[in-house]
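The values are calculated or read from the model by the stated rules, or taken from the named source; none is laboratory data. Just so it is clear, the structure is predicted and the values come from calculations on it, not from any experiment. With ideal geometry, Cβ positions are generated from the backbone for all residues, glycine too; neighbour counts draw on all protein chains shown. Only protein heavy atoms, including side chains, enter the accessible area calculation; ligands, DNA and RNA are left aside. Shrake-Rupley method; radii C 1.70, N 1.55, O 1.52, S 1.80 Å.
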Amino acid sequence: MRKQIAAANWKMNLTLQQGEQLLDAILAKTTSLKEDQQVVFAVPFPYLAAAQQKIAGKQNIFIAAQNVYSKKSGAYTGEVSVEMLNSLQIPFVVLGHSERREYFNETNQQLAEKLNIALAHNITPIFCCGEPLSVREAETQNDYVAQQLEESLYHLSEEQIQKIVIAYEPIWAIGTGKTASSAQAEEMHAFIRLQLEDKYGKEIADNITILYGGSVKASNAKELFSQPDVDGGLVGGASLITDEFVAIIQALK
Ligand code: PGA
């Protein structure tokens, strides 16, 4: 059974104190998760250690970094390495978020390197893909996403690909309040799974968690997550509001 995941992406929001309050409030309202359900909080780098302490001993709840650099160590001022994440025992990292691609020019090739180093250090990448509005309007989103997968993922071995989580996030739905319909989400998730099946076989493809991201909220999570190939969500705005995110966790299959 593949994992069902509710992942919060705080992005560059909240002070440490606000973040701690939010985590406390969400944890207090999160009752036991099923064995195959996970909750992940992708917090800003300076809060990783504090967040890690807050979730210590909690079953199926994890902290993620929002990015990592592709080199092991050295003279890269301002960057954060996988060894640093390992030293805090951070088990997840978000890679290739569309904001990183757009504002920091991350390419499919650079992301392939980041995936390699994360996997080599036992950190599970949450690999983001998804098309901009112009591509959706031209109805070429399948080709666009297939190319992202091909250029960043398909060098991975069978063993490696099973260790990643994919997040499909149509850029036109991020932070816009404009969610993909559950049918649009399912269509792309099924397409992604079929691509993975072609490359790695059905058994492996069936085991890979594919999250949907883009204006997930309490009011649409259940409908989105009920789709057969949607295995949870990567949530920005609504993850900053206690009751919204708690309801999203409860909407997991
Ligand atoms: P949103 O962000 O939920 O605010 O649309 C999702 C994301 O960027 O991961």
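General remarks:
- Every pair of residues 6+ apart whose Cβ atoms lie under 9 Å, when the first sits in the stretch 91-109 and is assigned to a strand (DSSP E or B) and open to solvent by 10 Å² or more (accessible area, probe 1.4 Å) while the second is within 12 Å of the ligand (Cβ to nearest atom) and not polar (S, T, N, Q): 92/7; 92/40; 92/42; 92/64; 92/126
- Residue within the stretch 25-37 that is in contact with a helix residue (DSSP H, G or I) (Cβ under 7 Å, 6 or more places away or on another chain) and under 22 Å from residue 85 (Cα atoms) present: no
- Failed item, numbered, when residue 165 is tested on (1) free of Cβ contacts under 8 Å to residues at least 24 places away in the same chain; (2) crowded, with 17+ Cβ neighbours inside 10 Å; (3) within 16 Å of the ligand (Cβ to nearest atom): (1)
- Subset of the stretch 115-155 that is part of a helix (DSSP H, G or I) and of a type in the set (S, T, N, Q) - its residue that is most open to solvent (accessible area, probe 1.4 Å): 147
- Residue that is nearest to the chain's Cα centre (by Cα), among those in the stretch 117-137 that are within 16 Å of the ligand (Cβ to nearest atom) and of a type in the set (D, E, K, R): 131
- Residue match in the stretch 191-211 (condition: within 15 Å of the ligand (Cβ to nearest atom) and under 20 Å from residue 143 (Cα atoms)): yes
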